[in-house]
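The structure appears right after this line, and notes come after that.
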Amino acid sequence: MSKLFAPLRLGSLELPNRIIIGPMCQYSAENGAASDWHMMHLGSLSLSSAGLLIVEATAVTPEGRITPGDLGLYSEETEAALGRVVRAIRKYSPIPLAIQLAHAGRKADSEAPWDGGQQIKSDDPRHWIAVGPSAIPHGAHEDAPKALDAAGLAGVKQAFVDAALRAERLGFDGVELHAAHGYLLHQFLSPISNQRDDAYGGSLENRMRFPLEVFDAVRKAYPANRPLWIRISATDWVEGGWDLESSIAFAKALKARGCDAIHVSSGGVSPKQQIKLGPNYQVGFATAIKQATGMTTIAVGLITEPEQAEAIIANGEADAVCLARGMLYDPRWPWHAAAKLGVSLPAPKQYWRSNPREHATLFKDAKVGQR
């Protein structure tokens with residue numbers, strides 16, 4: 001029996017298998033609102049038979065967007081637009097749906113990657129002032145963000161809560177908080193970006209304080225019967241930055257607060273990072289956190305082959321694997337993995353006749369609307 005295709009529980013949510021589609025920014029929203037692109041993109045991925053689909057990093061405030069094209073969930077308009085996409089997915093797919101809630105912090109106010117990804121110039125009408133834990137820019141050539149004061153911290157915290165409640169109204173099965181890749185919650189964790197001299201800076205305990213307060217506030221407001229988890233960068237890949245030891249301490253604090261899982265990535269807080277790329281290059285971080293805490297862990301990082309993913313689960317290195325760019329390249333990756341591993345899995349009846357003759361038993365009824 002394949003371990004990759006065994007069920008997995010995230011809190012009260014049961015996933016049919018351990019393949020997770022990671023949150024991938026599309027930079028294609030209109031004033032924060034999901035567009036027809038999201039309907040096509042997420043609709044396609046929802047038919048993949050993966051165990052969970054996580055919607056891209058979704059800003060909790062307009063100023064928390066990375067780019068002007070980022071998806072948001074901070075108003076009636078953005079809620080209604082995303083609701084249209086969710087309803088279409090629910091009509092045709094049984095896939096569990098989660099959403100990643102995020103705030104870009106000092107990495108906000110940027111161009112889309114295909115436009116260079118640089119900070120938007122101050123004389124551009126699309127420009128806004130970014131915020132962060134400290135008035136330290138991400139890049140040496142960039143304008144410094146505004147350091148958040150007490151009112152600003154309270155406002156961001158409430159924005160995460162409000163967005164989680166909007167997600168609950170839309171019927172999302174779970175919420176992931178984004179504390180990775182150099183965005184605001186990660187910025188508070190890392191001594192590279194957080195040089196505050198108050199209760200939110202300095203010691204490890206102080207730097208963890210605001211991300212933990214955000215988690216606590218969301219967990220208190222978000223329904224107890226729906227899972228809440230977090231994505232972290234296990235290391236900054238910079239000497240003197242956030243590291244695995246700190247990540248384990250953070251994970252233990254999250255576990256004590258009822259965090260249902262930890263999604264382990266790395267990097268993003270500094271242009272000076274020195275990432276050692278290769279297959280499974282981040283899986284070891286997930287394994288170390290899993291062994292130290294016993295938390296349900298999601299591994300990510302150049303996991304591309306079915307046998308590779310199967311081995312990660314079978315060997316106990318992580319509880320689930322997350323694919324992102326690999327799913328963009330091959331939106332039917334779970335089908336191909338199932339065929340290689342000799343597994344039958346639910347798929348839309350409209351596609352049943354697509355299976356190769358040598359895999360005649362690959363598909364079964366997806367049972368839309370049964371959840």
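The values are calculated or read from the model by the stated rules, or taken from the named source; none is laboratory data. This one's a predicted model, so the numbers in the text were calculated from it and none came from an experiment. Cβ atoms come from the backbone with ideal geometry, glycine included; neighbour counts cover every protein chain shown.
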Within the range 116-130, restricting attention to residues that are surrounded by 14 or more Cβ atoms within 10 Å (Cβ to Cβ) and aliphatic (A, V, I, L, M), which residue is farthest from GLY64 (Cα to Cα)?
ILE120
Pairs needed: first member in the range 317-340, more than 23 Å from SER354 (Cα to Cα); second member anywhere, of a type in the set (Ser, Thr, Tyr) and buried (at least 18 other Cβ atoms within 10 Å of the Cβ); C-beta distance under 8 Å; at least 6 residues apart or different chains.
GLU317/THR287; ALA318/THR287; ALA318/THR297; ASP319/THR296; ASP319/THR297; ALA320/THR296; ALA320/THR297
Restricting the search to the range 6-21, which residues are part of a loop (DSSP other than H, G, I, E, B) and surrounded by 23 or more Cβ atoms within 10 Å (Cβ to Cβ)?
ASN17, ARG18
Take the residues in the range 39-51 that are touching a Lys or Arg at 6+ places or on another chain (Cβ under 9 Å) and of a type outside the set (Ser, Thr, Tyr), then tell me which one is surrounded by the fewest Cβ atoms within 10 Å (Cβ to Cβ).
MET39
Looking for something within 29 Å of ILE89 (Cα to Cα) and of a type in the set (Ser, Thr, Tyr) - is there at least one such residue anywhere in the range 194-213?
no
Helices (runs of 4 or more DSSP H) (entirely within the range 146-221) containing at least 1 residues that are surrounded by 18 or more Cβ atoms within 10 Å (Cβ to Cβ) and of a type in the set (S, T, N, Q):
184-189
Checking the structure you have, find out if any residue of the range 86-93 is of a type in the set (Phe, Trp, Tyr) and part of a loop (DSSP other than H, G, I, E, B).
no
Give me a count of the residues in the range 257-277 that are at pLDDT below 95 and either of a type in the set (Gly, Ala, Ser) or touching a Leu at 6+ places or on another chain (Cβ under 8 Å) (or both).
1
May I ask you to list the residues in the range 272-328 that are under 30 Å from GLU239 (Cβ atoms) and acidic (Asp, Glu)?
GLU317
Please enumerate the residues belonging to the range 94-128 that are in a helix (DSSP H, G or I) and among the hydrophobic types (A, V, I, L, M, F, W, C).
TRP114
Quick check on the range 345-362. Is at least one of its residues touching a residue at least 40 places away in the same chain (Cβ under 8 Å), over 12 Å from SER49 (Cα atoms) and surrounded by fewer than 21 Cβ atoms within 10 Å (Cβ to Cβ)?
no
